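See below for the structure under consideration.
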Amino acid sequence: MPSSMMDTSSPIQTYQYNDCLSCRLIGTGALSGLGGYALWQSRAAAPGSLMGKRALVGVGLVLLGAGALRWTQKPMTSTSTERN
């Protein structure tokens, strides 16, 4: 193996996700909209079995939670650390 590949004194560059406000808005809107639609389809007047409606409630709540988590996710930047 070449000695340049074994150099441990170079800094390690780690990349972390960094998103913009419009990306957060679109992601939050899409997840929340799908969650709301799933909850709407699980209402009593909608056609379908009782188990199917219960499954849709679960999916809807998970998607709404994912939308809330997506909105509260803090943007991060890349960092550089030294390797010893």
Whole-Hz Karplus couplings 3J(HN,Hα) for region 41-56, θ = phi - 60° and coefficients 6.51, -1.76, 1.60, Gly and Pro as x, run 6, 8, 5, 5, 7, 6, x, x, 7, 5, 5, x, 5, 5, 5, 5
Taking only C-alpha positions in region 35-76, Rg and Dmax in angstrom work out to 12.9, 44
Over the heavy atoms of LEU34, what accessible area does a 1.4 Å probe trace out, to the nearest 10 Å²?
100 Å²
With a sphere of radius 15 Å drawn around the Cβ of TYR37, what net charge do the other residues whose Cβ falls strictly inside it have (Lys, Arg +1; Asp, Glu -1)?
+2
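The values are calculated or read from the model by the stated rules, or taken from the named source; none is laboratory data. Just so it is clear, the structure is predicted and the values come from calculations on it, not from any experiment. Because the Cβ atoms are built from the backbone with ideal geometry, glycine has one as well, and the counts that use them run over all protein chains shown. Ligands, DNA and RNA are excluded from the accessible area calculation, which covers all protein heavy atoms including side chains. Shrake-Rupley method; radii C 1.70, N 1.55, O 1.52, S 1.80 Å.
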